[in-house]
1. Please give the number of the condition Met125 fails out of (1) under 18 Å from Arg90 (Cα atoms); (2) more than 30 Å from the chain's Cα centre (by Cα); (3) not in a helix (DSSP H, G or I).
2. Criterion first (at pLDDT 90 or above and under 37 Å from the mean Cα position of the chain (by Cα)) does Arg149 satisfy it?
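The values are calculated or read from the model by the stated rules, or taken from the named source; none is laboratory data. Since the model is a prediction, treat every value here as computed from it, not as a measurement.
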Amino acid sequence: MHEQQQDIMQQTEEHRRFLEEQFRLLKAAEEAVGLPGKRLESLVEAVQPHLQARWGAFEQGAAPPSGNRSSETPVTVAAGTSQPVPPIYRGSSKKEKHDFMDSYAISTRRIKALNQGTQASIFVMPLSACIEQSTMVRICGFELFKDERDVTEREWKNYFLSAHIPDHTVYKTLEREVKSLCMNIELQDAESRLSRLMADYTLSWID
């Protein structure tokens, strides 16, 4: 009986030592695994300021726009390679004035459309800035009889709009052009035929 108790105590002691050895090995393994992790954390803490300095501006730029941006003053852009280019007037006849006014109106409409779709405000060139210098000197000296600096934007607008005043001497030419108009029957639908006829008629009296 006494010998059995001794055997049990001996087995218990051996089992305890075995558990202690296993615990020691697990502890050593845990420390070995945790060491690279601590080194990695230290490395991240060391380079974090450099990362913030390099990418901080990028993160601010990529942030979603706030509600305060709508109250900012828009930037005025005078010209650019991607902006509509205003026409330059170099003519002297009514037809050349018509062509210039049409091109200027198209450029103005494009700029207004861009201003509605962006926060930037694109500057519309005044008429006085769209006239060739030699043409400007001729008009001011021989038609308006004023110095270039004294001609207002309203006067320039009236100068070009005067091309719409009808000339009674060309009525015979207009009558001849109207008689030559005919409906294009090659177009299949009536709406297209009428639109083409109206377009030809408009060209006859504009020219």
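1. Condition not satisfied by Met125: (2).
2. The answer is yes for Arg149.
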